[in-house]
Structure formats: structure tokens, C-alpha cells
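Inspection log for the structure reproduced underneath, given as C-alpha cells.
The values are calculated or read from the model by the stated rules, or taken from the named source; none is laboratory data. Owing to the predicted nature of the structure, the values given are computational and were not obtained by experimental measurement. Cβ placement follows ideal geometry from the backbone for every residue including glycine, while neighbour counts extend to all protein chains displayed. With ligands, DNA and RNA removed, areas are computed over all heavy atoms of the protein, side chains included. Shrake-Rupley method; radii C 1.70, N 1.55, O 1.52, S 1.80 Å.
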Amino acid sequence: MEVYRELAALREALGAARGDGREVALVPTMGALHAGHIALVEAARRPGACVVASIFVNPKQFGANEDLSRYPRKEMGDITMLTDAGCDILWLPPVEAMYPEGFATNISVAGVSEGLDGAARPGHFDGVATVVAKLFNQVRPARAYFGEKDFQQLAVIRRMVADLDFDIDITGVPTQREDDGLALSSRNVYLLPEERQKAVALPRALGVAARAILGGGEAAKALADATAALTAAGFAVDYVSLVDAETLAPEPAPGRRRQLLAAARIGHTRLIDNLSVDPLS
Ligand code: PAF
């Protein structure tokens, strides 16, 4: 795997790959990689592809009281994992290259960015959209891969790509889970052992609610029951919501795909998860 920390050198390598007829696929990450990220790399790998992973802990998507300074960083381990996964190029931009003196642009995707995590973390999705747009312009991939675990992020990126005419095919890759169902996340390392045990209540509560709704139960009751189960397990619940899977609007219209999303804190760690409530998925 080739590692680049300078944009001109990255562009030269990508130009050569395209010249050889290879299709560039991008896996944007913030590092501290786990099996969920590796599933993205595996999905991106195709015969003749040039798979680029980026690692950039993006300051613009962290709020003032969030975990930017303590966000896990493990560059050497990440490089080994990406090499083993068959990634071709790692793009490691320095913060000065992403946000040089005078940087003044902000991409804000209205609607899908506003509720749920957008309400709980003001400015977060502007930071995500802005950095992803930059990465798209730097790498100019034909395809890009994002985890469905960050379901709202994926919806924001899809909306931005459609609105700004990025000629990039976006693929959402299913959430990877521990054996007990907890969604893989770089932030799981923050969980103390007893919090880790209790954290399984999050996927369980979503599973119970999804089954109740699919079985014809009243959505409001299923959401209230999930909130109560999470509270009883020791979580402080930010939200448990049933939304339209594309627009993320609450109270999805009949016939639309639906998604159940939740965010809750256990101790100092905020976890998110989601499940489809589509009879066919
Ligand atoms: O999902 C992430 O790791 C980040 O939000 C992303 C998409 C790499 C943008 O910083």
C-alpha cells in the first residue's frame, strides 16, 4: 500500500492509476479502524479497482465539548489493517492541507441534517459534508463507501452528492456487529467493562421495537418501550425515532421505507445504532 501525505503526490498516483484504466474507489475514515471499516474496503475492492482509504480526524465535525482531543488514533495499526485488507493507497492529509489559513467554506445540507444527531450535535453534519466534499474533490473517485451504522451521515452524503452533481456512486455497507449485537464503532473503546456489558441493550431495544412495529404494533408505543428499556439499562436516551429511510422525516408515509434510529449515552460514551423496519430487508 502506498501512503501519501501530500495532495500533489496523491493526485499524480491517482492520475497514473486512471491512466492504467483503473477505477478509483474511496473509503473515507477517521482511523482507529475496526472490522466495520475493513468491510468497506472489501466492498470497494473489485478487479481493476484502485482502492483509496483516507484517514483524517476532522475537527469541523466535533462540537466544542466533544471528544476531538481524545478521539482514538492508531496510525501504525491502521496501516497494517489496510495493507492486509488489500487497500492500494492511504491518503493521510495533514490538517493544514485540509483547512489552510483563510479556509471559509461550509457545506450545509438542509433537511436530512437537521433532526436526530443534527439536533443533538449542532454543526456536526456541516463538518461531515464539508470534509467529504473536499475528499471527493481531492480523490475524484468513481465510487465511495460509507457504513450504514452512521445512517444519517449516509443520507446527508447521498443528498449532497445528488444536489451538487458529484459523479460518484455511493454505497452504504451494512453495520458490522459484535457477537452480542453491539454495532462496531471506534468509540466502543471508551466503554468501561460494565458499560460494555450494558451497551448490548441498545441493539436489543431496537430489535424489539422493529419487530413490534413490523408485527403491526403502534410505533409510538414501540418507541416509548425502547426508551424505557434503555433507561432501565442505564442509558441516558437522546432519541429513539422512526423515520423515512431516505429523507429522515418523522412519521413516514405509508409505502415508504422506514428506519429506526437511536442515540443514547452510557457513562461518558454516546452510542448510535439503527435498524431497517422494512418488511423486505
Ligand atoms: O464516518 C466517518 O468516519 C467520518 O464522519 C467521515 C465520513 C470520514 C468524515 O470525516
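General observations
- FRET efficiency for the D180 to N106 pair, using the beta carbon distance and R₀ = 35 Å, is estimated at 0.35.
- Dipole of the stretch 22-139, positive direction: furthest Cα of N106, G31, A85, with charges on the beta-carbon: A85
- Length-normalised contact order for the stretch 71-203 - Cα pairs under 8 Å, 6+ apart - percent: 20
- Each 5 Å bin from 0 upward holds the following percent of the Cα-Cα pairs of the stretch 104-144: 6, 24, 26, 18, 16, 9, 2.
- Two-site FRET efficiency, T231 against M76, from Cβ-Cβ distance with R₀ of 45 Å, rounded to 0.05: 0.65
- Mean projected area in nm² (Cα convex hull; one quarter of hull surface) for the stretch 55-211: 11.3
- Here the 3J(HN,Hα) profile of the stretch 57-72, calculated from phi with Karplus coefficients 6.51, -1.76 and 1.60 at θ = phi - 60°, is 7, 7, x, 5, 9, 9, x, 4, 9, 9, 9, 3, 6, 9, 4, x Hz, Gly and Pro shown as x.
- Cα-based shape type of the stretch 141-194, given that a ≥ b ≥ c are square roots of the gyration tensor eigenvalues and the cut on a/c is 1.5: prolate
- Cut-off 15 Å between beta-carbons: net charge of the residues surrounding M81, Lys and Arg +1, Asp and Glu -1: -2
- The chain, Cα convex hull volume normalised per residue, Å³: 138
- Degrees between helix 124-139 axis and first principal axis of the chain (Cα, 0 to 90, nearest 10): 30
- From phi via Karplus (6.51, -1.76, 1.60), per-residue ³J(HN,Hα) for the stretch 108-123 in Hz, x at Gly/Pro: 10, 9, 5, x, 4, 7, 8, x, 6, 5, x, 6, 6, 10, x, x
- Taking a sphere under 9 Å around the Cβ of R257 and counting the other residues whose Cβ falls inside, with K and R at +1 and D and E at -1, yields a net charge of -1.
- The trypsin sites (Lys or Arg not before Pro) of the stretch 65-94 that DSSP puts in a loop, and whose beta carbon has at most 10 other beta carbons within 10 Å, are R70.
- Against the empirical curve 2.2 N^0.38 Å, the C-alpha radius of gyration of the stretch 1-125 lands at a ratio of 1.17.
- A cut-off under 14 angstrom between Cβ atoms defines the neighbours of A129, and their net charge, with Lys, Arg +1 and Asp, Glu -1, is 0.
- Separation of alpha-carbon centers, the stretch 71-92 and the stretch 220-243, rounded to whole Å: 36
- Simple label model, 7 Å out from Cα along Cβ direction - T171 to R187, nm: 2.7
- Inter-part distance where the stretch 118-147 and the stretch 257-281 are each reduced to a Cα centre, Å: 20
- Shape parameters for the stretch 71-137, alpha-carbon atoms, Rg then Dmax in Å: 15.3, 39
- In this simple spin-label model, placing a label point 7 Å from the Cα along the Cα-to-Cβ direction at both E66 and A253 gives a separation of 3.2 nm.
- The alpha-carbon atoms of the stretch 132-281 define a convex hull whose volume equals 128 cubic angstrom per residue.
- Solvent-accessible ranking of E23, E12, E251, E246, largest area first, probe 1.4 Å: E251, E12, E246, E23
- Think of the chain as having a plus end and a minus end, set by charges on the Cβ of Lys, Arg, Asp and Glu; of V95, G63, S186, S186 sits farthest toward the positive end of this dipole.
- Heavy-atom accessible area per residue - the stretch 1-66, 1.4 Å, Å²: 45
- The length gained by stretching the chain between E42 and E12 to full extension, at 0.36 nm per residue less their Cα-Cα distance, is 8.4 nm.
- Among the GluC sites (Glu not before Pro) in the stretch 54-141, those placed in a DSSP loop whose Cβ has at most 11 other Cβ atoms within 10 Å are E101.
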